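Shown next, in structure tokens, is the structure this report addresses.
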Amino acid sequence: MIDLLSLESYCNELLKVDEFNDYCPNGLQVEAGQQVEKLMLGVTACQALIEAAEDWEADALLVHHGYFWRGEGLPLRGLKAKRVGALFRQRTALLAYHLPLDAHAEYGNNRQLGERLGLIPAEPLSDGSLIWHTTLSDPVSAKALALRIGDRLDRIPTHIAPDDKPLSRIGWCTGAAQGSVEQAAEQGLDAYISGEISEQTVHLARELGIHYYAAGHHATERYGVQALGRHLAERFSLEHRFVDVENPV
């Protein structure tokens, strides 16, 4: 068991939240209750996850996608009111970490996806970059990499293939990072893996000569919050449970 504010303070320091200019507040987003003994983990703080937390009588939810995004309306009304109201009624706190959880060298989404796909050792493409990369000692075919992604993530990726060359330098960035495909190509990567794909991504990949794999926003971001949750559970003797609310995107 740990005090809620102490848990937030530990996570904030561990993930170095002050170093990020993010699209949302990182840390404690909904303060409800004082002590945390049961910690539920999930990708997005949707209504289904909140209801699962209530059924399990969780003291806190730890997610990657929380609330209060830049540019959205401020009033607590509609779906936002329903979600936040439910958290208060059941006294379940909400902690959310976005870019800090993507970037963390050990528990981050990008590190964990690399491990999941067997793309290790790996490191950021450059200082402060969210793109991670590795160089394979034995190049793989583009089809073999697609099959590996599908097998490890239980999600067949959308694959844009400009050619049939073997792939050696592989890069990736979880979530909605398709906009970084140009940067990946400029850095000489043979292939780039992300979560989402846009219409223009197809043309960019073909014209840049880089293999692009869209493996799913949700599917690529399931692993960081689980790794962080395991660490917190071990350090503070917490019960923890990951709930995977299925999302095809």
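The values are calculated or read from the model by the stated rules, or taken from the named source; none is laboratory data. Source: prediction; values computed, not measured. Neighbour counts are summed over all protein chains in view; Cβ atoms, including those assigned to glycine, are modelled from backbone coordinates with ideal geometry. Heavy atoms of the whole protein, side chains included, go into the accessibility calculation; ligands, DNA and RNA do not. Shrake-Rupley method; radii C 1.70, N 1.55, O 1.52, S 1.80 Å.
Taking each residue as 0.36 nm, the span from Thr158 to Asp55 lengthens on full extension beyond its C-alpha to C-alpha distance by 33.5 nm. Sketch the reach of a paramagnetic label on Glu186 as a point 7 Å from Cα along Cα-to-Cβ, and name the residues of segment 110-126 whose backbone nitrogen lies under 13 Å away. Residues passing the 13 Å test: 126. Within the accessible area of segment 1-94, the carbon and sulfur atoms contribute 49%, probe 1.4 Å, all protein chains present.
When the square roots of the Cα gyration tensor eigenvalues are ordered a ≥ b ≥ c, the ratio a/c for segment 1-99 is 1.5 or more and a/b does not exceed b/c, which makes its shape oblate. Between Leu136 and Ala48, the C-beta separation translates, for a Förster distance of 51 Å, into a calculated FRET efficiency of about 0.85. Springs between Cα atoms under 10 Å define the GNM used for the chain, and in it the highest mean-square fluctuation of His64, His218, His203 occurs at His203. Sorted into 10 angstrom bins from 0, the C-alpha pair distances of segment 172-249 split as 19, 37, 22, 16, 5, 0 percent. Residue ranking by accessible heavy-atom surface, 1.4 Å probe, largest first, among Lys165, Lys143 comes out as Lys143, Lys165. Gyration tensor analysis over the Cα atoms of the chain returns equivalent ellipsoid semi-axes of 34, 18, 16 Å (largest first, whole Å). Cross-link partners of Lys82 among aspartates and glutamates, defined as those whose alpha carbon lies under 20 angstrom from its own and excluding same-chain residues fewer than eight positions apart: Glu31, Glu51, Glu54, Asp55, Glu57, Asp59, Glu72. Among Ser126, Ser194, Ser180, the largest mean-square fluctuation in a Gaussian network model of the chain (Cα springs under 10 Å) belongs to Ser126. Seen from every direction in turn and averaged, the convex hull around the alpha carbons of segment 81-180 projects onto 8.8 nm².
Charged neighbours of Ala184, selected by a Cβ distance under 13 Å, balance to -2 (K, R count +1; D, E count -1). Couplings for segment 142-155, taken from phi via the Karplus curve 6.51 cos²θ - 1.76 cosθ + 1.60 with θ = phi - 60°, read 4, 5, 5, 5, 4, 5, 5, 4, x, 5, 6, 9, 6, 8 Hz in order; Gly and Pro are left as x. Which one, Glu182, Glu115, Glu199, has the greatest fluctuation when you compute a Gaussian network model over the chain with C-alpha springs under 10 angstrom? In the Gaussian network model the winner is Glu199. Each part gets one Cα centre, and for segment 147-191 versus segment 127-146 those centres are 7 Å apart. Estimated purely from DSSP H runs of n ≥ 4, each contributing -39500 (n - 2.57), the mean residue ellipticity at 222 nm for the chain is -10500 deg cm²/dmol once divided by its residues.
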